[in-house]
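Colleague: Here it is, the structure in full.
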Amino acid sequence: MNDSCNLIAKYIKRGLSMKSFIVTGASASGKTTLINEAILNGYRYLPTHMTRKKRKTEVAGRDAIFISEEDFLNNFANGYYLEPSLEYAQTINSYYGTPTYWINVLMRDNYCASPVSAFLAQKIKKCIPNLLWIYLKCDQQIRLSRLESRGLSAIEVEKRMQTINNQVNLSDDAVVFDTGLKTPLQILNEIMEL
């Protein structure tokens with residue numbers, strides 16, 4: 001049995017549910033990789049709404065809810081997202097929305113989500129104080145290499161390198177992991193022990 005199967009089997013055997021968590025970090029810090037490992041280990045992912053084009057490797061509805069700008073603006077006007085303003089929701093020529101229903105779902109076990117920013121993670125954590133918030137940090141060279149491997153334009157790579165995602169003080173609210181030092185499975189193991 002592989003390490004992932006051993007991890008989930010340990011929790012099922014002990015009759016434990018897995019604590020829900022949210023993960024934030026700069027672009028290419030390893031958020032999607034960690035989420036994918038969590039999904040393989042029995043977590044259910046709450047996708048973000050976004051207006052950017054779907055990447056070749058992404059599956060609509062699983063990795064994100066890809067919607068038109070018109071639908072996004074309508075949803076925003078109806079209070080469907082946690083973002084405080086449209087300006088805040090806009091990132092690198094696209095809109096990203098964190099659905100308000102996440103608050104109720106993340107109060108239950110076995111869910112994971114990746115809010116677009118540390119600011120939104122802090123907002124969610126204020127509503128759910130016992131929710132685990134993971135912040136991934138990563139060496140700039142590793143981030144650059146990951147971004148370049150995605151086939152993005154040089155301009156988009158540069159914009160994404162400038163998004164550090166540290167709009168709030170992480171202090172005691174988040175557990176910080178360095179994805180240059182630990183694999184996603186090692187991080188997930190530690191998350192499940194917290």
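Colleague: What number of residues in the stretch 91-149 are open to solvent by 70 Å² or more (accessible area, probe 1.4 Å), assigned to a helix (DSSP H, G or I) and in contact (Cβ under 8 Å) with a residue 60 or more places away in the chain?
Modeller: 1
Colleague: On to the next question. Would you be able to tell me the number of residues in the stretch 37-65 that are open to solvent by 50 Å² or more (accessible area, probe 1.4 Å) and more than 25 Å from Leu132 (Cβ to Cβ)?
Modeller: Qualifying residue count for the region: 7.
Colleague: Only one of these conditions is not met by Pro84: (1) touching a Lys or Arg at 6+ places or on another chain (Cβ under 9 Å); (2) on the phi < 0 side of the Ramachandran plot; (3) at pLDDT below 90; (4) assigned to a loop (DSSP other than H, G, I, E, B). Which number is it?
Modeller: Tallying (1) touching a Lys or Arg at 6+ places or on another chain (Cβ under 9 Å); (2) on the phi < 0 side of the Ramachandran plot; (3) at pLDDT below 90; (4) assigned to a loop (DSSP other than H, G, I, E, B), Pro84 fails exactly one: (3).
Colleague: Further question: Quick check on this structure: which one of Lys137, Lys125 is touching a Leu at 6+ places or on another chain (Cβ under 6 Å) and not polar (S, T, N, Q)?
Modeller: Of the residues listed, the single one that is touching a Leu at 6+ places or on another chain (Cβ under 6 Å) and not polar (S, T, N, Q) is Lys125.
Colleague: Sort out which residues of the stretch 106-127 are more than 20 Å from Ala38 (Cα to Cα) and touching a helix residue (DSSP H, G or I) at 6+ places or on another chain (Cβ under 6 Å), and write them in order of number.
Modeller: Listed by number, the list holds a single entry, Cys127.
Colleague: Kindly indicate whether Leu73 is surrounded by 15 or more Cβ atoms within 10 Å (Cβ to Cβ) and in contact (Cβ under 8 Å) with a residue 40 or more places away in the chain.
Modeller: In short, no.
Colleague: Inspect all residues belonging to the stretch 52-63 and state whether any of them is in contact with a strand residue (DSSP E or B) (Cβ under 9 Å, 6 or more places away or on another chain) and at pLDDT 95 or above.
Modeller: no
Colleague: Any residue at all in the stretch 10-25 that's modelled with pLDDT of 90 or more and open to solvent by 70 Å² or more (accessible area, probe 1.4 Å)?
Modeller: no
Colleague: Okay, next question. Under the condition of being under 19 Å from Met18 (Cα atoms) and buried (at least 19 other Cβ atoms within 10 Å of the Cβ), which residue from the stretch 169-184 is modelled with the lowest pLDDT?
Modeller: The residue in question is Pro184.
Colleague: Shifting gears a bit: Do we find a residue being under 16 Å from the mean Cα position of the chain (by Cα), in a helix (DSSP H, G or I) and touching a residue at least 12 places away in the same chain (Cβ under 8 Å) anywhere in the stretch 40-57?
Modeller: For the stretch 40-57, residues under 16 Å from the mean Cα position of the chain (by Cα), in a helix (DSSP H, G or I) and touching a residue at least 12 places away in the same chain (Cβ under 8 Å): present.
The values are calculated or read from the model by the stated rules, or taken from the named source; none is laboratory data. Being a predicted model, the structure only gives us computed values, none of them experimental. Reconstructed Cβ throughout: ideal geometry from the backbone, glycine too, with neighbour counts over all protein chains shown. Accessible surface is based on the protein model in full, side chains and every heavy atom, while ligands, DNA and RNA are left aside. Shrake-Rupley method; radii C 1.70, N 1.55, O 1.52, S 1.80 Å.
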